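Take a look at the structure set out below.
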Amino acid sequence: MSKTAYLFGEIHGSEAVCLKEFEIWKDFYGRGFRHLFLESPYFYAQFLNLWINSEDDLILDELWADNKGTAGNSDFDKEFFIKTKLFCPKTVFHGTDIGHTYDSTGKRYLESVSQDSEEYRLAFENAEQGRKYYEKWQEKCGESYFEGSREKAMTENFIREFDKTNCDIVGFYGEAHILPEYGANLGISENMCSMLKKHYGEGIKIVPKLLKNLINPLSRTEIEVKSKKYAADYFGKIYTPYDETCEYIEIFRLKNFGNDFEGFSKKENFIPEMIYPCNINDNDVFVIDSLKNGKSVMIQIFICDSFSEDYGKITTEIVLEEK
């Protein structure tokens, strides 16, 4: 039987992305799709399948406690699952990542199923993928070897799960696993999607090239910069778990600013396009509002003014002082 995997490249922890992903999944669900593939471990998805058929949210709360501080553990991700349970209750989750949280979620799942079962075997193998990966991480941090091994494992896990289905599926994965050029930025010579295309050919569809191509502003507002007010598009919050001092950032794109931000000196600080939940264009000006140490830090101004072979388009922070 011919079947298709419709894959979307996301950034993690973004309010705008999670809202759009639910719209996408609800639309596919309404068209008869039931299988949703995620950048999550096998045992994580198995718990989600138990949770979606349960009467309470105890299992989901336990998963969130296990994954505290990770990129896919924002309030928006949790809201995605809660809305999926409410509006798409026959969803079947498939986790095809390596076994992150193998010593918490993985251990608990292994304790909950029979050691003679297929579920136990797959969960154990998945946990071992995670354990070996993090051992390599500690040994070879910064090198591409272990990232490449993760892509290979993710590909094998995906093939196993996709071959089990007899229908089309939808998948949400980080951009580095979907687009070759984004994977190269992380030192990945061949990412998951590249390998899947070799295996399935036209059965793998990237729609669209990036999920951010579909995202519109969540709202429109007004921001004051240097005593002048500007209209702005608001693209929501992005959780930043890798910066312990920063809980999240909020992204605004200014409109009708003319040449007001020309001639300012620049800092070395920059944000690559892959961090933004929206498309960015040359000369765009963004206001970044960070919540650091429980206090709002306003404001940082970033201008899209350069291109990097490693990161693509780059927005550079300018110094807000007199020219």
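Figures for the structure shown
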read-out	value
Inter-residue pairs, beta-carbon under 6 Å, first within 22 Å of ASN279 (Cα to Cα) and in region 163-180, second surrounded by 18 or more Cβ atoms within 10 Å (Cβ to Cβ) and charged (D, E, K, R), 6+ apart	PHE172/GLU10; PHE172/GLU21; TYR173/GLU39; GLY174/GLU39
Members of region 280-309 found to be open to solvent by 60 Å² or more (accessible area, probe 1.4 Å), modelled with pLDDT of 90 or more and closer than 22 Å to GLU175 by Cα, listed by number	ASN281, ASP282
From the options PHE87, PHE81, PHE28, residue that is within 17 Å of the chain's Cα centre (by Cα) and closer than 30 Å to ASN279 by Cα	PHE81
Scan of region 264-279 for residues that are open to solvent by less than 70 Å² (accessible area, probe 1.4 Å) and either part of a strand (DSSP E or B) or not aromatic (Phe, Trp, Tyr) (or both), ordered by number	SER265, ASN269, ILE271, PRO272, GLU273, MET274, PRO277, CYS278, ASN279
Failed item, numbered, when GLN46 is tested on (1) assigned to a helix (DSSP H, G or I); (2) touching a residue at least 40 places away in the same chain (Cβ under 8 Å); (3) open to solvent by 70 Å² or more (accessible area, probe 1.4 Å); (4) not hydrophobic (A, V, I, L, M, F, W, C)	(3)
Criterion violated by GLY106 - all others in (1) modelled with pLDDT under 95; (2) surrounded by 18 or more Cβ atoms within 10 Å (Cβ to Cβ); (3) more than 20 Å from the chain's Cα centre (by Cα) satisfied	(1)
Helices (runs of 4 or more DSSP H) (entirely within region 150-241) containing at least 3 residues that are in contact with a strand residue (DSSP E or B) (Cβ under 9 Å, 6 or more places away or on another chain) and within 21 Å of HIS100 (Cβ to Cβ)	175-178, 192-200
Only one of PHE81, PHE87, PHE93 that is modelled with pLDDT of 95 or more, farther than 15 Å from CYS18 by Cβ and among the hydrophobic types (A, V, I, L, M, F, W, C)	PHE93
So PHE37, is it closer than 30 Å to SER112 by Cα and open to solvent by less than 10 Å² (accessible area, probe 1.4 Å)	yes
Candidate set: region 54-72, residues that are without any contact (Cβ under 8 Å) to a residue 12 or more places away in the chain and in a loop (DSSP other than H, G, I, E, B); chosen: the one surrounded by the fewest Cβ atoms within 10 Å (Cβ to Cβ)	GLU55
Single condition ILE82 does not satisfy, out of (1) open to solvent by 20 Å² or more (accessible area, probe 1.4 Å); (2) under 24 Å from ALA5 (Cβ atoms); (3) in a helix (DSSP H, G or I); (4) of a type outside the set (Asp, Glu)	(2)
Of residues in region 226-250 being of a type in the set (A, V, I, L, M) and at pLDDT below 95, the one nearest to the chain's Cα centre (by Cα)	ILE238
Candidate set from region 195-220 (those that are of a type in the set (S, T, N, Q) and open to solvent by 60 Å² or more (accessible area, probe 1.4 Å)); member that is nearest to MET154 (Cα to Cα)	ASN213
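Okay, residues lined up against (1) of a type in the set (Val, Ile, Thr); (2) open to solvent by less than 10 Å² (accessible area, probe 1.4 Å); (3) under 28 Å from LEU110 (Cβ atoms); (4) at pLDDT 95 or above:
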{"site": "ALA123", "(1), (2), (3), (4)": "no, yes, yes, yes"}
{"site": "TRP137", "(1), (2), (3), (4)": "no, no, yes, no"}
{"site": "PHE158", "(1), (2), (3), (4)": "no, yes, yes, yes"}
{"site": "ASP163", "(1), (2), (3), (4)": "no, no, yes, yes"}
{"site": "ASP168", "(1), (2), (3), (4)": "no, no, no, yes"}
{"site": "ALA184", "(1), (2), (3), (4)": "no, no, no, no"}
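The values are calculated or read from the model by the stated rules, or taken from the named source; none is laboratory data. From a predicted model like this one, the values you see are computed outputs, not experimental measurements. FYI the Cβ positions are ideal-geometry reconstructions off the backbone, even for glycines, and counts take in every protein chain you see. Areas reflect the complete protein model, heavy atoms only, side chains present, ligands, DNA and RNA absent. Shrake-Rupley method; radii C 1.70, N 1.55, O 1.52, S 1.80 Å.
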